[in-house]
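What follows is a set of notes on a single structure, which appears directly below.
The values are calculated or read from the model by the stated rules, or taken from the named source; none is laboratory data. In this text, all values refer to a predicted model and were calculated from it rather than measured experimentally. So basically every Cβ, Gly included, is an ideal-geometry build from the backbone, and we count neighbours across all protein chains shown.
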Amino acid sequence: MQSKWVLSSNQIVLLLSAYILVILNMGFWHYLFQHVSLNHNVIFWLTVPILMLAAMNFCMQLLFWPYLHRLMVPLLLLLSSAVSYAVMMQNVYFDANMLQNVLQTNLGEVGAWLTPQFWMWLGITGLLPAQWYCWGISICYANSWYCELGKRLIAITASLVLVIAIILLAYGSYISFFRNNKAVNHLIVPTNIIGAALKTVYNVYDAHRPLQRIGLDASHQRHGQKRLLVLVVGETTRAQSWGLNGYSRQTTPELAAMGENVINFPQVTSCGTATAISLPCLFSNMPRQHYKANLAKHQEGLLDILQRAGVDVLWRDNDGGCKGVCERIRHVDVRDWAPDLKCTGDGCLDESLLINLRAVIAKLPDDAVLVLHMMGSHGPAYYQRYPDVFRHFMPTCDTNQIQQCTTEQLRNTYDNTVLYTDHILAEIIRLLQSQTGLASAIWYFSDHGESLGENGMYLHATPYAIAPTEQTHIPMLLWANHDFAHTSNLNMNCLRQHVRRQALSHDNIFHSVLGLMDVKTSEYQTQLDLFAPCRQK
């Protein structure tokens, strides 16, 4: 009795292609059933399984190299299983940006994803097939290398011809589908993994270019009074759940109680849908439509210009890093100044940003910009983002397996994170109000939004072109004391009445901060300074 299956190379490639297509692409098939009508696209539905199998077979044939396949195929099965879980359970679009997020994540964030359900899925659909491939089959090759090569070329050619024939047969259906679903390729395993890896390798290679300096002419006009601008960068807070924007729930009660002193900007969009994109983008001199991530990696940004002009800059982080933005300025992590702070494996509470903050402000020698990078509403472990005293909306989703929670539980838990963010911002404002002789302001904005199950989507990082508004519409607010408004020549009534109604974005931050801090440079563009129309001459 044979203990192993004996298969030809073409047979095993076809079997692997069918397995990956049927089992590891359930997320893709679910997407098709949601977006393509069965009644009006009969030809599409009759041909798409054949097309996908032929395309998958073509790709797998190119990857099936002698000897190397024993390593490559098991690895590909494990990676495909892991990515398929994210695609299927959270509707994750796996592209180069998502891979960048994975590579830049920390152990705490990784722990939030490694749930029992994930390990079960990985074991059944990834580990077991990989073991079977390593020890359960024997591959029978042709008698000579040229016969084997000939058979492989025939299989590759046949697959390619079949793909082309089907596309020509149902060209109208396929062109319409791909025009309306431009990012669907990021759902298909393992081509999404391979594509993301190739793009990332290119990005790494491209990043070795020398640092490009900008704003070399920057100068700073000092006033008689020390000035401080606190930039608070939020995490994953969406405008739809922001109380000051008219949300049905009051998730910002402390900020609302401060009245007109807090200026809320309701129409703001982000530069990206993930921190790894938004953070470098909003601190760069590039608008979203012309943003180049590779250029941003080796080009100075806003904080470099401020520092060159003589403004003291400090970055305090509670969100796993600044994504390269603060590499050339003073920066500290929450665990550096508060090593005894009680944190979960997934991070620390944002109140850690307030520890010794009064002393830090007192030691600032001159005009300064202080950046506080919050953990905010980072998912999927929303329930770990706030202390029990802020567990106001109940019942909550006290697990990182958010798709298992009801819509009400998920919404309640997320809203509690916003409630806690409101408290942190109010505490910072109260601290600044207590300072005498200091012209101070706080400017808060989120890096991107979040999906909470709308249309079956969760979390964020969806490609921007198809991202729902929940992931791109973000909250923003400004508070400034009288001295800061006076030294900046800001007409606060003008801001309340006019500017807050305008459509704004992360594109405005670079130039607006330069304007607020009276930094003169050729990089500054008045039309992108949102405060310029309300700056008195």
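Side notes on the structure shown:
- Within region 405-417, considering residues that are part of a helix (DSSP H, G or I) and not β-branched (Val, Ile, Thr), the one nearest to the chain's Cα centre (by Cα): Tyr414
- The lone criterion from (1) assigned by TED's automatic domain parsing to the domain that holds Ala293; (2) within 25 Å of Ala18 (Cβ to Cβ) left unmet by Gly224 is number (2).
- Inside region 374-392, residues that are under 18 Å from Gly111 (Cβ atoms), outside any loop (DSSP other than H, G, I, E, B) and either among the hydrophobic types (A, V, I, L, M, F, W, C) or outside the structural domain of Leu302 (by TED's automatic domain parsing) (or both) make up a count of 0.
- Helices (runs of 4 or more DSSP H) wholly inside region 202-316 that include at least 3 residues being modelled with pLDDT of 95 or more: 253-256, 275-282, 302-309
- Test: residue in region 245-268 that is touching a Leu at 6+ places or on another chain (Cβ under 6 Å), in the same structural domain as Ile466 (by TED's automatic domain parsing) and under 16 Å from Gln471 (Cα atoms): yes
- Per the listing Leu99, Leu127, the residue uniquely surrounded by 15 or more Cβ atoms within 10 Å (Cβ to Cβ), in a helix (DSSP H, G or I) and modelled with pLDDT of 95 or more is Leu127.
- Residue match in region 143-154 (condition: over 27 Å from Leu32 (Cβ atoms), in a loop (DSSP other than H, G, I, E, B), over 28 Å from the mean Cα position of the chain (by Cα) and not assigned by TED's automatic domain parsing to the domain that holds Thr236): yes
Residues checked against (1) in contact with a strand residue (DSSP E or B) (Cβ under 8 Å, 6 or more places away or on another chain); (2) touching a residue at least 24 places away in the same chain (Cβ under 8 Å); (3) within 30 Å of Leu99 (Cα to Cα):
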{"site": "Pro129", "(1), (2), (3)": "no, yes, yes"}
{"site": "Glu148", "(1), (2), (3)": "no, yes, no"}
{"site": "Ala170", "(1), (2), (3)": "no, yes, no"}
{"site": "Ala183", "(1), (2), (3)": "no, yes, yes"}
{"site": "Lys199", "(1), (2), (3)": "no, yes, yes"}
{"site": "Tyr202", "(1), (2), (3)": "no, no, yes"}
{"site": "Arg209", "(1), (2), (3)": "no, yes, yes"}
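- Hits in region 418-467 (condition: within 26 Å of the chain's Cα centre (by Cα), assigned to a strand (DSSP E or B) and farther than 14 Å from Ser270 by Cβ): Ile442, Trp443, Leu452, Tyr458, Leu459
- Qualifying residue in region 350-373 (condition: assigned to a loop (DSSP other than H, G, I, E, B), surrounded by fewer than 16 Cβ atoms within 10 Å (Cβ to Cβ), of a type in the set (D, E, K, R) and over 26 Å from the mean Cα position of the chain (by Cα)): yes
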